[in-house]
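Data block below; observations after.
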Amino acid sequence: MSEEHAGRVALVTGGSSGIGRAAAELLAASGAAVAVCGVDADDTEKTAAAIAEAGGRALPVVADVSDPDAVAEAVARTVSEYGGLDVLVTSAGIQRYGTVADTDEKTWDEVFAVNVKGVFLTARAALPHLRRSASGGSVVVVSSVQSRAAQSNVAAYAAAKGALNALVRSMAVDEAPFGVRVNAVCPGSVDTPMLRHSAARFSDGSDEGVRRLLGEWGRSHPIGRIAQPREVAEVIAFLAGTRAGFVTGTDIPVDGGVLAALAVTLPQDTPEPSTTA
Ligand code: NAD
């Protein structure tokens, strides 16, 4: 394993499961000291313990990302334990279903509180430290393909992820003079508890039903399968590191070709595009 992140400190929200956990594990394996930030104390402790068991440095920090005091405390604990902060990965997120017509305000507010305000609060607390990073601070936000292409029945979630891409561009421009890069990854379907929860909801809920639906969703990606969390973590770790030193303000698909396929798939009765300007 490379030591690309040796001597650096990372804080990963949503770090106790799915994509966040894979990112925390990979950053730790490549030399970073990692604050695993989770909302569930037990999962957070277990993840940090597993990273330590594998030879990495990990600190469990419990925080609800929509709570400004808890977020400030999580960042302060990380800096006090490890002496600074170089990388922030925001993976905490929730998925709620509904069209605008049937989404109640409570659900809309909940999605935005965690998925958008949570990133704002975490970045706001982290930036003063990231600006002091000797190796160049980096923020990687976990967005979604749904920020860039519509899927039915996820209006609040899609709007929140779209807002994140805009926030990433704003932060990238504002923070560039301070040596901090800010990017997003836009995953397609990834085999995590969140996706399995969705698959249980839209199937009969049995193991076989979930397996079959995940397979079906996988076949809707040109690569023909869903991703493993590690495949997203690899791109996160790259963006977090100095090899991506000239990359900022982007939202990079990690989607098995889903967005590319949307761009070229025309309905049968769409007229031929005009070749004249
Ligand atoms: P996951 O459910 O395993 O991870 C989400 C994490 O966020 C969990 O650890 C959960 O405890 C945490 N969380 C939820 N509410 C929180 C709060 N208020 N404060 C702090 N933490 C909170 O699912 P995942 O798929 O790994 O999701 C990670 C990110 O990836 C999310 O932002 C999600 O929107 C995004 N994403 C996932 C997929 C996918 O197919 N799995 C696709 C695109 C984007």
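Each reported figure results from applying straightforward, stated rules to the coordinates on display, with no laboratory input. Fair warning: this is a prediction, and the values are worked out from it, not measured in the lab. Here the Cβ is made from the backbone with ideal geometry for all residues, glycine too, and neighbour counts use every protein chain on show.
Extending 7 Å from the Cα toward the beta-carbon at both Glu110 and Ser206 defines two label points whose distance is 2.9 nm.
Ranked by the mean number of other Cβ atoms within 10 Å of their residues, highest first, the peptides 47-54, 69-76, 137-144 fall in the order 137-144, 69-76, 47-54.
Region 167-194 and region 61-93 have Cα centres lying 17 Å from one another.
The peptide list 229-239, 157-167, put in order of mean Cβ contacts within 10 Å with the highest first, becomes 229-239, 157-167. Any chance you could tell me what percent of the C-alpha pair distances in region 93-228 go past 17 Å? The proportion of pairs with Cα distances above 17 Å equals 65 percent. Expressed as a fraction of 2.2 N^0.38 Å, the C-alpha radius of gyration for the chain is 1.02.
Normalised by the number of residues in the chain, the average gap of Cα pairs under 8 Å and 6 or more apart makes the relative contact order 18 percent. Taking the chain as a Gaussian network of alpha-carbon nodes connected by springs under 10 Å, the highest mean-square fluctuation of the residues Val100, Val119, Val182 belongs to Val100. The lysines whose alpha-carbon is closer than 21 Å to the alpha-carbon of Lys106, local same-chain residues fewer than 8 away aside, are Lys117, Lys161.
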